[in-house]
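Q: Here it is, the structure, as structure tokens.
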Amino acid sequence: MRVVLGSDHAGFEMKEKLAAHVRGMGHQVLDVGTNSDAPVDYPDFAEAVAMAILNHEADRGILICGSGVGAAVAANKIPGIRAATCHDCYSAHQGVEHDDINILVLGARVIANELAYDLAWMFLGAQFSGEERHLRRIEKVKELEKKYRTSIPDTPVS
């Protein structure tokens, strides 16, 4: 499988270790940065991971920031992306099996590297079930994307 990895500065160290681990699992890795722990903005790397998937350069992505929250929010703004912050093994595989997530988001300040390895293994080893109820729900998600793609006004930052 082709796996794209990206992180902000908070996730840089975990990304480096996880990239080696994913390669060791036999997957191809595309690293879209960041390349140091110098401060950067997570939306830039969420977009880079998402676009690698949408442009068919990768099959799935792993995105890392400090908590996993901001990167997931940013990635999910891109139509066609289903990103989920998962810090437990059940969610990492069930998210693929039922919700067809294409990006696993991790919080480097929340979980240890060993758990990240397990989560990557569960995520990358899972397959979408294709069951009718899951297909129906994903179609509804896609309809929400279409419905609100251009009709949402800018939301002021509090």
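Read-outs throughout are calculated quantities, based only on the coordinates presented, and are distinct from any laboratory measurement. No experiment lies behind these values; they were computed from the predicted model shown. Here Cβ is always computed from backbone atoms with ideal geometry, including for glycine, and neighbour counts include all displayed protein chains.
Q: For the chain, compute the number of Lys pairs whose alpha carbons are separated by less than 18 Å, excluding pairs fewer than 8 positions apart on the same chain.
A: 4
Q: Next question, about the same structure. Report the net charge of residues surrounding D37, where surrounding means a beta-carbon distance below 12 angstrom and charges are Lys +1, Arg +1, Asp -1, Glu -1.
A: So the surrounding residues net to -2.
Q: Let me ask something else about it. Classify the stretch 80-133 as rounded, prolate or oblate from the Cα gyration tensor: take a ≥ b ≥ c as the square roots of its eigenvalues, call it rounded if a/c is under 1.5, otherwise prolate when a/b beats b/c and oblate if not.
A: Prolate is the answer for the stretch 80-133, as a/c is 1.5 or above and a/b outweighs b/c.
Q: Which helices, taking whole DSSP H runs in the chain, have alpha carbons extending 27 angstrom or more along the helix axis plus mean Kyte-Doolittle at least 1.0?
A: Once both thresholds are applied, nothing remains.
Q: Under 12 Å from the Cβ of K140, count the other residues' Cβ atoms, weight Lys and Arg +1, Asp and Glu -1, and hand me the total.
A: Value of the local net charge: +2.
Q: Under the rule that an exposed site lies in a DSSP loop and has at most 15 other Cβ atoms within 10 Å, name the longest stretch of the chain with no GluC sites (Glu not before Pro) of that kind, not counting the sites themselves.
A: 58-130
Q: For a paramagnetic label modelled at 7 Å from the Cα of S129 toward its Cβ, which residues of the stretch 57-101 fall within the zone defined by backbone nitrogen distances under 18 Å?
A: Hits in the stretch 57-101 for S129 at 18 Å: 89-101.
Q: Longest span of the chain, sites excluded, free of trypsin sites (Lys or Arg not before Pro) in DSSP loop with at most 15 other C-beta atoms within 10 Å?
A: Counting only loop sites that pass the neighbour cut-off, the longest clear stretch is 1-76.
Q: Now, a different point. Would you please put 4-10, 28-34 in order of how densely packed they are, using the mean number of other Cβ atoms within 10 angstrom per residue and starting with the highest?
A: The packing order, highest mean first, is 4-10, 28-34.
Q: Could I ask something else about it? Restricting to Cα pairs below 8 Å that are 6+ residues apart, what does the relative contact order work out to for the chain? Please round to a whole percent.
A: 22
Q: Okay, moving on. State the Cα centre-to-centre distance between the stretch 128-146 and the stretch 1-21 in whole Å.
A: Computed from Cα coordinates, the inter-centre distance equals 29 Å.
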